[in-house]
Amino acid sequence: MKHRYDVIVCGAGSTGGVAASRVSDDPARTVLLLDAGPDFPEEAESQPAFCVLGNVLGGGFAGVGAAIPELDWGLWSEELPGGRRIHLRRGRLVGGTSMINAGIFVRGKPSDFAEWVDLGATGWSWEDVRPFYERVEEEITIRTYPRAQWQPFARAFEEGFVELGYRRVRDVNAPDAWDGIVGPWTQNRRNEIKLGTLPSYIRRARGRANFHARGHALVDRMIVQKGRTTGVVLESGEVIEAGEVVLCAGVYGSPSILLRSGIGPAAELDALGIPVVADLPVGRGLRDHPQCLFQLRAPREWATLCGPAFTVVARGEGWFSFPVALDEEEGLVAVAMALNRQEPNGWIRLTSSDPAAPPAIYTGFADVVGGETFDGPFEVFRALAGTSAFAGRRIGGLDADAKLARLLPERLGHAFHPSSTCAIGRVVDPGLRVYGIDGLRVADASVFPENISNNLNFTCYMVGERVAALTAAD
């Protein structure tokens, strides 16, 4: 038996959960939300443990996804120089990565969106997107932690940046709170429950007659007939018909589904025996925020993990930074430095037409390891280690005395902020419609023409609000 919905949203994460919920606000439109991972329909009465991981004691930096491997996609990068691979953690559950991340909830930089417009994203200027950020803020509690609750190293971190001349701010979501500031990091939490899309947007839509959510529903491909998407095919072979499909499977998942549907670079599809429906640069232009943790020794009282993590951020020209207490017994802390931009040399490619086969993912970080983009942030780290806030408390040594050329090949990772594999202007138009295919939109961080200057989660929610408004307008 075939079922038909007005709108199918594929992927229930930071964008898909928002989009499906908002589209279902119209009782005349039937909505199906699909995700490859499990659903937790009783989460309001029986809160899953992962809803509070990632920031409270026990979550920690390694707790971003690592604490719940059964809810992770298990993706790894292609080899970096030296043969090392990076675990590319993504949430495989209803709620997606919004439920396994650290809960940082920050707007994009206004100038990021001017750059988007310059790259062809007409209608995505700061003034265009700001109302959709505000719409999210009406739905989601956004908070900061008072300094008295911060981990001790976080307080030293803030004092050190103030000593270096950085301006202390109260609200890092203010339009002017960018280069040269330090302040409390905003998070999407209420009563220590992380407000990913599962306990927020998806919860508000459950129980509606026109809204249905299904877990364990891996989307294989779209059905495209005469230039129009008419539904989806699940891994099981089940066919579900739709008036419109909104693909929100993420930076790695959305291009994979498009490629299996015959939408992508013709040569790559031909090599896998997939008939070409539309020759588009799907999967190209992958980028992230390259990140390195620079380690320091600290007395135990300054390395303690007691208290919430991820409470303060510093922003400089082209980078952002935050403190990480790593090991209070060994007296080990770190300053994380992340670049706002990298060259768009990464890519994602299918290794098989089998939807269960993981794709090949090249991060493009080889250029970062061999380049000079980390020189400036590393000098800021060394200057921070020399402040009285650090040196006066015997916080220092280790990487402050090391050579950057030795550290990067061993340590370079990512901030879990991938983007741009189905970008506006290259794969989708400013209305997020796939070029040449009717009834099909993509809406997640894969559509960013360029990455934004900090954490992506809030902006993905914003895109969910925006795509719901776009489908309603049509």
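Every read-out reported here was derived from the displayed coordinates using simple, explicitly stated rules and does not represent laboratory data. Treat the numbers as computed from the prediction; the structure is a model and nothing was measured. Here the Cβ positions follow ideal geometry from the backbone for every residue, glycine too, while neighbour counts run over all protein chains shown.
Some notes on this structure:
- Principal-axis tilt of helix 152-163 within the chain, Cα atoms, nearest 10 degrees: 80
- In a simple Cβ point-charge model (Lys, Arg +1; Asp, Glu -1; nothing else charged), the chain has a dipole of about 480 debye relative to its Cα centre.
- Each part gets one Cα centre, and for region 431-473 versus region 91-116 those centres are 12 Å apart.
- Order by protection proxy (mean Cβ within 10 Å, highest first), peptides 195-203, 138-146: 195-203, 138-146
- The angle separating the long axis of helix 126-139 from the principal Cα axis of greatest extent in the chain is about 90 degrees.
- Correct choice for Cα extents along the principal axes in Å that was computed from the model, options [x] 84, 51, 45; [y] 83, 57, 40; [z] 70, 47, 40: [z]
- The residues packed around GLU115, meaning those with a beta-carbon under 12 Å from its beta-carbon, carry a net charge of -1 if Lys and Arg are +1 and Asp and Glu are -1.
- In the chain, the DSSP-assigned H stretches of four residues or longer account for a calculated mean residue ellipticity at 222 nm of -6500 deg cm²/dmol, using -39500 (n - 2.57) per stretch and the full residue count as denominator.
- Rounded if a/c under 1.5, otherwise prolate or oblate - region 87-218, Cα gyration tensor axes: oblate
- Computed about the Cα centre, the dipole magnitude for region 267-339 is approximately 240 debye when only Lys and Arg (+1) and Asp and Glu (-1) carry charge, each at its Cβ.
- For the chain, share of DSSP beta bridges that run antiparallel, in % to the nearest 5: 65
- Angle between the chain longest axis and helix 457-473 axis [Cα atoms, degrees, rounded to 10]: 20
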